[in-house]
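A short write-up of the structure that comes next.
The values are calculated or read from the model by the stated rules, or taken from the named source; none is laboratory data. Every value quoted in this text rests on a predicted model; they were computed, and no experiment measured them. Surface areas here come from the heavy atoms of the whole protein model, side chains and all, with no ligands, DNA or RNA. Shrake-Rupley method; radii C 1.70, N 1.55, O 1.52, S 1.80 Å.
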Amino acid sequence: MSAVLRILDGLARLSGILAMLLLASATVVVTQMVIWRYFLGASTVWQTEYVIFSTTAAMMLGAPYVLALKGHVGVDLLVERAGDGMRRVLALISGLASLFFVGALAWSGAHFLFEATMKGWTTDTIWALPLWIPFWPVPFAFALMGLQLVMQMVLAVFPELAATEGAS
(Lines give C-alpha, C1' and ligand atoms only; values in the text may rest on other atoms or scores of the structure.)
Protein backbone atom coordinates (compact mmCIF):
# COMPACT_ATOMS: atom_id res chain seq x y z
CA MET A 1 0.00 0.00 0.00
CA SER A 2 2.76 2.46 0.88
CA ALA A 3 4.49 1.82 -2.46
CA VAL A 4 1.30 2.73 -4.33
CA LEU A 5 0.92 5.88 -2.23
CA ARG A 6 4.54 6.87 -2.91
CA ILE A 7 4.11 6.31 -6.66
CA LEU A 8 0.89 8.36 -6.78
CA ASP A 9 2.51 11.10 -4.70
CA GLY A 10 5.52 11.14 -7.01
CA LEU A 11 3.32 11.32 -10.11
CA ALA A 12 1.29 14.14 -8.54
CA ARG A 13 4.50 16.05 -7.75
CA LEU A 14 5.78 15.49 -11.29
CA SER A 15 2.47 16.71 -12.64
CA GLY A 16 2.71 19.82 -10.45
CA ILE A 17 6.27 20.50 -11.64
CA LEU A 18 5.17 20.16 -15.28
CA ALA A 19 2.31 22.58 -14.59
CA MET A 20 4.70 25.08 -13.04
CA LEU A 21 7.14 24.82 -15.96
CA LEU A 22 4.36 25.26 -18.51
CA LEU A 23 3.02 28.32 -16.73
CA ALA A 24 6.51 29.82 -16.45
CA SER A 25 7.17 29.15 -20.14
CA ALA A 26 3.86 30.77 -21.08
CA THR A 27 4.89 33.87 -19.16
CA VAL A 28 8.22 34.01 -21.01
CA VAL A 29 6.47 33.52 -24.36
CA VAL A 30 3.94 36.30 -23.64
CA THR A 31 6.81 38.63 -22.80
CA GLN A 32 8.63 37.64 -25.98
CA MET A 33 5.44 38.12 -27.99
CA VAL A 34 4.92 41.64 -26.63
CA ILE A 35 8.51 42.62 -27.39
CA TRP A 36 8.36 41.10 -30.88
CA ARG A 37 5.03 42.60 -31.81
CA TYR A 38 5.01 46.06 -30.22
CA PHE A 39 8.66 47.03 -30.03
CA LEU A 40 10.09 45.30 -33.09
CA GLY A 41 6.98 45.34 -35.27
CA ALA A 42 7.39 41.64 -36.12
CA SER A 43 4.52 39.21 -36.50
CA THR A 44 3.91 36.32 -34.16
CA VAL A 45 2.91 32.94 -35.52
CA TRP A 46 2.93 30.37 -32.75
CA GLN A 47 3.00 32.36 -29.52
CA THR A 48 -0.71 32.89 -28.87
CA GLU A 49 -1.52 29.27 -29.56
CA TYR A 50 1.36 28.10 -27.34
CA VAL A 51 0.21 30.29 -24.45
CA ILE A 52 -3.38 29.04 -24.70
CA PHE A 53 -2.37 25.37 -24.85
CA SER A 54 0.33 25.61 -22.18
CA THR A 55 -1.83 27.45 -19.65
CA THR A 56 -4.67 25.01 -20.23
CA ALA A 57 -2.29 22.08 -19.80
CA ALA A 58 -0.88 23.70 -16.65
CA MET A 59 -4.39 23.89 -15.20
CA MET A 60 -5.05 20.23 -16.00
CA LEU A 61 -1.65 19.00 -14.78
CA GLY A 62 -1.84 21.09 -11.63
CA ALA A 63 -5.11 19.48 -10.52
CA PRO A 64 -3.60 16.13 -9.38
CA TYR A 65 -0.97 17.98 -7.36
CA VAL A 66 -3.64 20.10 -5.66
CA LEU A 67 -5.67 16.95 -4.96
CA ALA A 68 -2.62 15.32 -3.37
CA LEU A 69 -2.32 18.37 -1.10
CA LYS A 70 -6.06 18.25 -0.37
CA GLY A 71 -6.18 21.82 -1.62
CA HIS A 72 -9.39 21.72 -3.65
CA VAL A 73 -12.23 23.85 -2.36
CA GLY A 74 -14.64 21.94 -0.18
CA VAL A 75 -17.40 22.66 2.27
CA ASP A 76 -16.81 20.49 5.31
CA LEU A 77 -19.33 21.84 7.83
CA LEU A 78 -21.45 18.68 7.63
CA VAL A 79 -18.39 16.41 7.61
CA GLU A 80 -16.89 18.08 10.70
CA ARG A 81 -20.10 17.52 12.67
CA ALA A 82 -20.54 13.92 11.54
CA GLY A 83 -19.24 10.89 13.40
CA ASP A 84 -16.58 8.56 12.03
CA GLY A 85 -19.07 6.24 10.34
CA MET A 86 -20.89 9.07 8.59
CA ARG A 87 -17.56 10.63 7.55
CA ARG A 88 -16.67 7.39 5.81
CA VAL A 89 -20.02 7.35 4.01
CA LEU A 90 -19.66 10.99 2.96
CA ALA A 91 -16.09 10.38 1.78
CA LEU A 92 -17.29 7.44 -0.26
CA ILE A 93 -20.17 9.40 -1.81
CA SER A 94 -18.03 12.42 -2.69
CA GLY A 95 -15.23 10.16 -3.91
CA LEU A 96 -17.54 8.20 -6.20
CA ALA A 97 -19.11 11.38 -7.60
CA SER A 98 -15.66 12.86 -8.23
CA LEU A 99 -14.43 9.58 -9.70
CA PHE A 100 -17.35 9.53 -12.13
CA PHE A 101 -16.54 13.08 -13.24
CA VAL A 102 -12.77 12.64 -13.65
CA GLY A 103 -13.30 9.21 -15.21
CA ALA A 104 -15.53 10.70 -17.89
CA LEU A 105 -12.96 13.40 -18.60
CA ALA A 106 -10.10 10.87 -18.70
CA TRP A 107 -12.05 8.61 -21.05
CA SER A 108 -13.06 11.38 -23.44
CA GLY A 109 -9.57 12.88 -23.28
CA ALA A 110 -8.04 9.51 -24.15
CA HIS A 111 -10.49 9.17 -27.03
CA PHE A 112 -9.52 12.58 -28.44
CA LEU A 113 -5.83 11.84 -27.92
CA PHE A 114 -6.20 8.56 -29.82
CA GLU A 115 -8.14 10.22 -32.64
CA ALA A 116 -5.68 13.10 -32.93
CA THR A 117 -2.73 10.71 -32.98
CA MET A 118 -4.17 8.19 -35.44
CA LYS A 119 -5.66 10.74 -37.83
CA GLY A 120 -2.80 13.23 -37.68
CA TRP A 121 -4.95 16.14 -36.52
CA THR A 122 -3.24 19.52 -36.43
CA THR A 123 -4.34 23.04 -35.57
CA ASP A 124 -5.78 25.13 -38.39
CA THR A 125 -3.04 27.73 -38.10
CA ILE A 126 0.23 28.40 -39.86
CA TRP A 127 2.02 26.62 -37.03
CA ALA A 128 -0.06 23.44 -37.62
CA LEU A 129 0.74 22.00 -34.20
CA PRO A 130 -0.10 18.27 -33.96
CA LEU A 131 -3.09 18.12 -31.63
CA TRP A 132 -1.84 15.11 -29.68
CA ILE A 133 0.58 17.52 -27.97
CA PRO A 134 -2.06 19.70 -26.29
CA PHE A 135 -4.44 16.74 -25.82
CA TRP A 136 -2.16 14.41 -23.77
CA PRO A 137 -2.45 16.29 -20.44
CA VAL A 138 -6.20 15.67 -20.25
CA PRO A 139 -6.23 11.86 -19.98
CA PHE A 140 -2.99 11.84 -17.99
CA ALA A 141 -4.14 14.35 -15.37
CA PHE A 142 -7.64 12.97 -14.95
CA ALA A 143 -6.54 9.33 -14.88
CA LEU A 144 -4.04 10.26 -12.17
CA MET A 145 -6.77 12.08 -10.27
CA GLY A 146 -8.97 9.01 -10.61
CA LEU A 147 -6.28 6.80 -9.08
CA GLN A 148 -5.78 9.33 -6.29
CA LEU A 149 -9.52 9.38 -5.60
CA VAL A 150 -9.64 5.58 -5.40
CA MET A 151 -6.80 5.60 -2.88
CA GLN A 152 -8.46 8.37 -0.87
CA MET A 153 -11.70 6.38 -0.75
CA VAL A 154 -9.87 3.22 0.33
CA LEU A 155 -8.09 5.12 3.09
CA ALA A 156 -11.33 6.85 4.16
CA VAL A 157 -13.22 3.57 4.39
CA PHE A 158 -10.30 1.69 5.95
CA PRO A 159 -8.41 4.30 8.01
CA GLU A 160 -6.43 1.58 9.72
CA LEU A 161 -4.50 1.16 6.43
CA ALA A 162 -3.33 4.76 6.70
CA ALA A 163 -2.30 4.25 10.33
CA THR A 164 -0.32 1.08 9.59
CA GLU A 165 1.34 2.58 6.51
CA GLY A 166 2.16 5.93 8.08
CA ALA A 167 0.11 7.78 5.45
CA SER A 168 -2.06 10.75 6.19
**Complete:** In segment 39-168 the accessible area split gives carbon plus sulfur, as whole percent at 1.4 Å, a share of 72 percent
**Item:** Accessible area expressed per residue, segment 16-101, with surrounding protein chains retained (probe 1.4 Å, Å²)
**Value:** 69 Å²
**Request:** Multiply the residue gap between LEU69 and ARG88 by 0.36 nm, knock off their C-alpha separation, and tell me the result in nm, one decimal place.
**Result:** 4.9 nm
**Request:** Specify the angular offset, from 0 to 90 degrees and rounded to the nearest 10, of the alpha carbon long axis of helix 137-157 from the longest principal axis of the alpha carbons in the chain.
**Result:** 10 degrees
**Message:** Give me the percent relative contact order of segment 102-162, please, defined on Cα pairs under 8 angstrom at least 6 residues apart.
**Reply:** 37 percent
**Message:** Between helix 47-68 and the chain, what is the angle of the helix's C-alpha long axis to the longest principal axis, kept within 0 to 90° and rounded to the nearest 10?
**Reply:** 10 degrees
**Request:** Please work out how much length the chain gains when fully extended from LEU96 to GLN32, using 0.36 nm per residue of separation minus the C-alpha to C-alpha distance, in nm with one decimal.
**Result:** 18.6 nm
